[in-house]
Each structure stands twice: as C-alpha cells, then as structure tokens.
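To start, the structure under review is shown below, and the notes come after it.
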Amino acid sequence: IGEIKHGSIQIIIKDHFTTDIDVDAVMEEVSEKVPHNFLKLIDYIIVGQFEELRKRSVNAAFLDGAIYVTNQQNDEDDMIDDLVHEIAHAVEEESFLHISLREYFATGFEVYFNKRDMNRLASVSPILFDKLEKLDYNKE
C-alpha cells in the first residue's frame with residue numbers, strides 16, 4: 001500500500017492500519033529512545049497481517065533483519081512498544097552480546113566457585129550471585 005523511509009530503515013505498509021497511526025511520529029519516538037547503532041540492525045519494518053504472527057499470538061517478530069508488525073495497533077505507543085521490543089531481539093542476535101553475557105556469567109561463576117571476592121560479587125551482581133547460589137545448592 002505504501003513505503004516510507006526513515007533513516008536507513010525501509011518501512012513497508014502492506015495492509016492499512018486499523019486505527020489512525022502516524023508512522024513518522026512512531027519512528028521519531030523510537031529513534032529518540034533507541035541508540036542509533038541498534039537501529040542500524042533493522043533493514044525493514046513491514047506492517048500488515050501475517051499468518052506467523054497470528055499463529056504465535058504476537059504483535060510483532062524480528063526475522064532476518066526485518067521487523068514484521070501487525071497493522072492492528074491500539075495507538076502509536078502500542079506500536080512503539082512492539083518496535084522497541086523487536087529491536088531488542090535484533091540486538092540480542094548480535095554475537096557481541098552473546099559473548100559478553102557468556103563472559104559475564106563465566107566470570108561470576110569463576111569467582112563464586114573459586115570462593116574469591118564473594119562479597120563483591122554479591123554486591124555488584126546480586127541476581128547473578130543468587131542464581132549461582134541456587135546452582136550450588138541444587139548440585140548433587
């Protein structure tokens with residue numbers, strides 16, 4: 001039905017929105033909230049009805065550089081939430097994040113099980129510390 005370009009992102013409107021949505025306003029808001037280097041991970045935003053979204057009972061999905069988002073949005077804020085959530089999945093797929101999270105866990109694991117600097121680990125990373133305590137408690 002139409003195409004819009006916002007920065008490097010090509011927005012394709014496959015099906016009309018069911019409510020009045022200002023896509024430019026949505027993209028401006030998303031651009032204000034999300035760092036530019038994360039937006040560069042998105043090539044396309046495709047708006048419409050998609051069988052895969054219906055099957056999974058979701059409003060949006062990130063796949064192969066594109067965000068597929070339903071045209072059934074309550075308002076601009078609803079669409080902004082969907083887009084920001086899917087951008088998070090794009091960032092998640094970047095290998096640097098997986099590596100750094102793995103390294104974060106491995107470092108905490110090393111500190112915990114070598115019983116070094118446990119108080120600092122508990123203070124700096126309390127959630128990780130709790131998870132490691134549960135792992136240690138549940139060991140056989």
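A few points about this structure:
- Among beta bridges that DSSP assigns inside the stretch 1-108, antiparallel share in %, nearest 5: 50
- Residue-count net charge about E29 - beta-carbon cut-off 9 Å; Lys, Arg +1, Asp, Glu -1: -3
- Of N37, N71, N59, the one that fluctuates the most in a GNM where the chain has Cα springs shorter than 10 Å: N37
- For the stretch 1-116, the fraction of 1.4 Å probe accessible surface lying on carbon and sulfur atoms is 51 percent.
- Rounded to the nearest 20 debye, dipole of the chain from Cβ charges on Lys, Arg, Asp, Glu: 880
- Residue among V84, V111, V69 with the largest mean-square fluctuation in a Gaussian network model of the chain, springs linking Cα atoms under 10 Å: V111
- Across the stretch 81-94, rounded Karplus estimates of 3J(HN,Hα) from the backbone phi angles (6.51 cos²θ - 1.76 cosθ + 1.60, θ = phi - 60°) give 4, 4, 5, 4, 4, 6, 4, 4, 5, 5, 5, 4, 6, 5 Hz, Gly and Pro being marked x.
- Summary value for the chain: 20 percent relative contact order, contacts being C-alpha pairs under 8 angstrom separated by 6+ residues.
- Å² of accessible area per residue within the chain, as computed with a 1.4 Å probe and no ligands counted: 65
- Just so you know, the averaged projected area of the alpha carbon convex hull for the stretch 66-116 sits at 5.1 nm².
- Among D20, D77, D43, residue whose mean-square fluctuation peaks in a GNM of the chain (springs only between Cα atoms under 10 Å): D20
- Helix-derived mean residue ellipticity, 222 nm - over the chain, DSSP H n ≥ 4, -39500 (n - 2.57), to 500: -16500 deg cm²/dmol
- For the chain, the number of Lys pairs with C-alpha atoms closer than 16 Å, counting only pairs eight or more positions apart or on separate chains, is 5.
The values are calculated or read from the model by the stated rules, or taken from the named source; none is laboratory data. Keep in mind it's a predicted model, so treat the numbers as computed, not measured. All Cβ positions, even for glycine, are placed from backbone atoms using ideal geometry, and neighbour counts span all protein chains on display. Heads up: the accessible areas ignore ligands, DNA and RNA and are worked out on the full protein's heavy atoms, side chains in. Shrake-Rupley method; radii C 1.70, N 1.55, O 1.52, S 1.80 Å.
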